Structures are given as C-alpha cells and as structure tokens.
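The values are calculated or read from the model by the stated rules, or taken from the named source; none is laboratory data. Remember, predicted model here, so these are calculated numbers, not experimental data. Here the Cβ positions follow ideal geometry from the backbone for every residue, glycine too, while neighbour counts run over all protein chains shown. Please note that ligands, DNA and RNA were not included when accessible areas were found on the heavy atoms of the full protein model with its side chains. Shrake-Rupley method; radii C 1.70, N 1.55, O 1.52, S 1.80 Å.
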Amino acid sequence: MPISCFLCFIPLNHTEGTYTHEAFHTQIEDSISLYYDDQYQILTYVVPNPEGSREISLYQISDRELLESLKITYAQDGVLQKITARLDGRDLVLYIHYTDAEHAKETLRQFAVANADAIVAQIRTFTGVAARLFIDYFCDGDAFDFHAVIGTDGEREDVRQKYPKDDDAQNCSGNYPMDYFYEGDNEAFHILVACARDGLFDYFRYTVDLMSEHVREKAVPLLQKTSDFAFICEEYD
C-alpha cells in the first residue's frame with residue numbers, strides 16, 4: 001500500500017442495507033472519503049454537516065483492522081445512517097446521521113453517561129486522600145478532550161510550598177503532577193459532536209455539562225477527602 005492513499009469513498013446516498021468497504025472504491029462526489037497515512041497510521045475524513053464540514057483525524061489506526069471491520073449502513077430512503085468499525089478492541093462510530101436535534105441530544109446524553117461511568121470506574125481505584133478532583137475539558141474544532149485529575153493532599157501541600165504567594169495555585173490542575181489522570185473516549189466524543197448541527201445550540205458544552213455532573217455525583221462520594229476538598233471543573237486552552 002502507498003504511504004498515503006484513499007481507502008474508500010462512502011456515498012451519502014445509496015441503496016438500503018449494510019455494506020463493507022468493498023462496494024465503495026470508486027471516487028465520487030457527495031461521499032465521505034477515508035484517507036489513510038500509512039507512515040503515521042492516521043485516518044482522516046470529513047464529516048458532512050450543512051453548517052460546515054468538520055475534519056476528523058484518528059491516530060494509531062490499523063488500516064487492516066479498519067477495513068476488516070468497517071460497516072456502512074443506509075436507511076430505507078437511501079440516506080447514509082452510520083459508519084462503524086471495531087478498532088483497538090472497541091466499537092467506534094465514525095459517522096452518525098442525526099434525524100433531528102432531539103436525536104442528537106439523546107445520543108450524546110447516552111454517550112455522556114457511559115463515558116463518565118468509564119472515568120468513575122477508574123477513579124474508583126484511587127485509594128489515597130483527595131484534596132481536589134479536577135475536570136478539565138478542551139475543544140479547538142480539531143481535537144476534543146475531557147478528563148479528570150485527582151490532586152492528593154501531599155501534592156496540594158507541594159503546590160502550596162512552590163507557590164506560597166498564590167492562594168489559587170492549589171486550584172489549578174496544571175500545578176499537579178498528573179499521577180492520577182483519568183480519561184474516557186475522546187475520539188468518540190469528537191465524532192458524535194461533529195456530526196451534530198450546532199446552530200444556536202452548543203452540543204460540546206451540553207455533553208461536557210452532562211459528563212461533569214455525572215462524575216461529580218458518582219465519583220465524589222467514593223473518595224476519601226480532606227476537610228477542604230474541592231471539585232473543580234474548568235476549560236483549558
């Protein structure tokens with residue numbers, strides 16, 4: 001295979017059914033084109049959206065695994081509904097067609113709960129004393145991030161000593177060593193939001209708020225905490 005190539009061209013409209021990649025190797029307009037960089041194992045494609053196309057890049061992707069597991073589904077009216085693949089042991093939705101805003105919100109709500117639960121399950125393994133539980137999130141259009149960080153009592157004391165004149169330093173996750181870092185599926189987060197029409201509704205923030213509240217509700221009671229423990233949720237840049 002060349003270093004860089006188009007793997008397939010998935011039309012936005014086709015005959016009803018579920019297909020593999022084998023049916024879609026002819027370049028056409030009005031399609032989702034999967035482009036693969038073999039040197040760096042990067043899959044790139046553009047999610048169609050009437051309010052502006054969004055490029056997705058997935059890293060450390062096996063082209064063999066992708067092509068062997070790729071499933072492309074069309075509805076009765078011929079509209080592309082979903083593209084999925086099993087990558088690195090997990091099922092990933094590469095594209096989803098939302099029928100309306102409520103469909104998008106419900107899909108993102110289900111994702112938010114599942115993703116937050118995955119982070120809570122990791123936090124459950126923490127056995128120390130927590131002084132801070134941080135939720136950090138970020139979006140620049142090309143990358144999405146949502147993760148949790150625990151700052152221990154000892155780490156918080158180190159921050160105090162390092163920044164003796166800055167009372168707020170202990171409330172910044174960047175001042176902690178990230179020994180207790182927990183994240184979910186940020187690739188799925190990016191894709192599911194990218195497929196939604198923004199309009200006047202912020203689907204990114206909607207999903208962040210759901211995940212943050214779920215982590216706060218489920219994880220905080222699990223922790224052994226200092227008397228001045230704080231849960232802090234902030235966007236970073």
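Extension gain for Arg90 to His25 (0.36 nm times residue separation, less C-alpha to C-alpha distance): 20.9 nm. How many percent of DSSP beta bridges within the chain run antiparallel, rounded to 5? Here the share of antiparallel DSSP bridges comes out near 85 percent.
For segment 52-59, backbone phi angles converted through the Karplus equation (6.51, -1.76, 1.60; θ = phi - 60°) give residue-by-residue couplings of x, 5, 10, 7, 10, 10, 10, 10 Hz, Gly and Pro being listed as x. Helix content alone sets the calculated 222 nm mean residue ellipticity of the chain: runs of n ≥ 4 DSSP H residues at -39500 (n - 2.57) each, divided across all residues, give -9000 deg cm²/dmol. The listed peptides 163-169, 29-35, 146-152, ordered by packing as a protection proxy, come out as 146-152, 29-35, 163-169 (highest mean of other Cβ atoms within 10 Å first). Pairs of Lys residues in the chain are counted when their Cα atoms are under 28 angstrom apart and they lie 8 or more places apart or on different chains; the count is 6.
Among residues other than Gln161 whose Cβ falls under 14 Å from its Cβ, what is the net charge (Lys/Arg +1, Asp/Glu -1)? Neighbourhood net charge equals -2. For the peptides 185-197, 223-235, the ranking by mean Cβ contacts within 10 Å, running from highest to lowest, is 185-197, 223-235. The ratio of the alpha-carbon radius of gyration of the chain to the globular-protein estimate 2.2 N^0.38 Å is 1.18.
On a per residue basis, the chain carries 53 Å² of accessible surface, using protein heavy atoms and a 1.4 Å probe. The charge dipole of the chain, taken about its Cα centre with unit charges on the Cβ atoms of Lys, Arg (+1), Asp and Glu (-1) only, comes to about 580 debye.
Cα convex hull, segment 92-211: 115 Å³ per residue, rounded to a whole number. Using all pairs of distinct alpha-carbon atoms, the Kirkwood hydrodynamic radius of segment 1-89 works out to 13.5 angstrom. Rounded to the nearest 20, the Cβ-based charge dipole of segment 145-229 about its Cα centre (Lys and Arg +1, Asp and Glu -1) stands at 120 debye.
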